[in-house]
Amino acid sequence: MIYNSTLTINNKNYRTYSTSDNTEISKGLMHLEEIPDNWGILFNYKNSGYEGIWMKNTLIPLDVVWIDENKVIVDKKTLYPNTEIINYPKSQCKYILEVNANTFVGEIGEVVSMESL
C-alpha cells in the first residue's frame, strides 16, 4: 500500500493510506496478517454520518477511531478478529482510522492533525 497521509495525535505519527473509495472502505484491512504499529488506514467519507465497522475476514485486532469533520475524536473502540457485529460511533463522523489494537494514543474529544503527503 502507498502511504499518502500522516495523522498525528499526542506527538505520535501514524502513516496512513487514506481512501474515499467505497470498495476499498468495505475491504478495509481484511485478510492482512499484520501491519506496522505506526501504520493505519484512514477512511474519508463524503458526508458525515454514523458509519459502522465490522471485523468480518479481519485477522488482527484493531483500534478503530471515529473522527468528525472538525478532526475531533468522537469515539474509539478495540475490535477483535472475525466478528460480524457492526460497531457504530456515539456521534457522527467523517473519518475512520484503523490501526493495530492498543497502539492508538488519542482520547475522545482530542483533535488530530491530518496531512496529505
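The values are calculated or read from the model by the stated rules, or taken from the named source; none is laboratory data. It should be emphasised that the depicted structure is a prediction, and the values quoted were computed from it without experimental measurement. Glycine also receives a Cβ, built like all others from the backbone with ideal geometry; neighbour counts cover every protein chain displayed. Side chains included, ligands, DNA and RNA excluded: accessible areas come from the protein's heavy atoms. Shrake-Rupley method; radii C 1.70, N 1.55, O 1.52, S 1.80 Å.
Note on the stretch 96-117: residues that are under 17 Å from Lys12 (Cβ atoms) and part of a strand (DSSP E or B) total 8. Considering each of Thr19, Thr8, Thr23 in turn, give the residue that is at pLDDT below 95, within 23 Å of Gly109 (Cα to Cα) and out of contact with any Gly (no Cβ under 7 Å at 6 or more places or on another chain). Unique residue meeting the criteria: Thr8. Residues that are within 23 Å of Glu115 (Cβ to Cβ) and touching a Pro at 6+ places or on another chain (Cβ under 9 Å) were ranked within the stretch 86-101; the one that is least open to solvent (accessible area, probe 1.4 Å) is Ile96. Residues in the stretch 103-117 that are over 14 Å from Cys93 (Cβ atoms) and among the small types (Gly, Ala, Ser) were compared, and the one that is surrounded by the most Cβ atoms within 10 Å (Cβ to Cβ) is Ser113.
Candidates in the stretch 30-60 are the residues that are under 12 Å from the mean Cα position of the chain (by Cα) and under 16 Å from Thr103 (Cα atoms); of these, the one that is surrounded by the most Cβ atoms within 10 Å (Cβ to Cβ) is Gly40. Within the option set Ser48, Ser91, being more than 16 Å from Leu7 (Cβ to Cβ) and assigned to a strand (DSSP E or B) holds for one residue only, Ser48. Of the residues making up the stretch 61-85, just one is open to solvent by 40 Å² or more (accessible area, probe 1.4 Å), under 19 Å from His31 (Cβ atoms) and in contact with a strand residue (DSSP E or B) (Cβ under 7 Å, 6 or more places away or on another chain), namely Pro61. Within the stretch 55-62, identify whether any single residue is touching a Gly at 6+ places or on another chain (Cβ under 9 Å), part of a strand (DSSP E or B) and farther than 17 Å from Ser5 by Cα, and answer yes or no. Within the stretch 55-62 (the criterion being touching a Gly at 6+ places or on another chain (Cβ under 9 Å), part of a strand (DSSP E or B) and farther than 17 Å from Ser5 by Cα), the answer is yes, since at least one residue qualifies.
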